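Participant: My questions will all concern the structure given below.
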Amino acid sequence: MGKIKVLLVDDHAILRAGLNRLLTEQSDIEVVGEAENGLEGMQKTQELHPDVVLMDIGMPVMNGMEATKQIKKRDRDVKILVLTMHDNEEYLFQVLQAGASGYVLKKAADSDLVNAIHVVNSGDCFLYPSAAKMVVEDYLEKIKQGQEPTTSYDMLTGREREVLTLVAEGYTNREIAENLFISVKTVETHKANIMEKLNLHKRAELVRYAIRKGLLQVEFDEALE
């Protein structure tokens with residue numbers, strides 16, 4: 001398997017240099033380019049075809065939120081990981097709605113960024129624990145208020161619910177297979193059935209659905225201890 005190709009999009013040259021150095025030290029990651037604003041990031045995404053775009057939010061010319069929307073319109077397969085200073089609900093939901101696959105705080109980049117890149121490149125979502133807690137609280141409140149239907153979830157078998165929970169926790173297909181003592185092909189079949197029953201079309205939607213149902217509550221409680 002080839003290296004994960006990453007494009008850095010941030011208006012601070014010093015930060016880009018630091019990120020470049022951090023990622024270049026990884027044997028399976030290659031920084032294929034840099035951009036200093038969202039418009040340039042969008043153009044270089046088309047030129048360089050990165051696997052993951054590391055996107056800042058606040059930038060001149062075109063901000064990261066708009067750039068994320070435009071990139072996802074042109075290429076649904078590219079993964080976008082937002083790197084920002086903002087740890088608040090407003091930014092979190094805008095990021096998810098724009099189509100990003102993850103959210104990492106700049107202050108935690110040295111410890112979380114490499115793992116986050118691997119997670120989103122595999123097709124899953126990565127949420128920083130404090131951000132994930134906000135998602136859980138918001139969606140659980142909607143469930144309490146009756147805004148989230150339960151009929152579709154009730155259609156899932158016990159095994160499908162187990163698979164859904166493990167997907168939401170960030171496990172790969174192989175790890176899920178080992179955890180449940182089933183084959184990788186069986187895991188893929190369960191995931192396909194889950195997405196069909198819930199009328200979901202992307203892995204990221206599958207994770208967000210699991211979050212809405214509160215399936216990650218235990219994990220986040222532990223993270224907050």
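Values in this text are rule-based calculations from the coordinates and carry no lab data. Just so it is clear, the structure is predicted and the values come from calculations on it, not from any experiment. Positions of Cβ are backbone-derived with ideal geometry, glycine not excepted, and every protein chain shown enters the neighbour counts.
Participant: Applying the Karplus parametrisation 6.51 cos²θ - 1.76 cosθ + 1.60 with θ = phi - 60° to the phi angles of the range 107-118, what ³J(HN,Hα) value in whole Hz is obtained for each residue in order, glycine and proline being reported as x?
Facilitator: Per residue, the Karplus-derived 3J(HN,Hα) values read 5, 10, 4, 5, 9, 10, 5, 4, 4, 4, 4, 5 Hz.
Participant: Could you order peptides 17-29, 46-58 by the average number of other Cβ atoms within 10 Å of their residues, highest first?
Facilitator: Numbers: 17-29: 14.0, 46-58: 20.5.
Descending packing order for the listed peptides: 46-58, 17-29.
Participant: Run through the DSSP bridge list for the range 1-109 and note the antiparallel percent, rounded to the nearest 5. Provide the component values of the computation, followed by the final result.
Facilitator: Working: 0 of 18 bridges.
For the range 1-109, the DSSP antiparallel bridge percentage is about 0.
Participant: Based on the Cα coordinates of the range 4-127, what is the per residue volume of their convex hull in Å³?
Facilitator: 86
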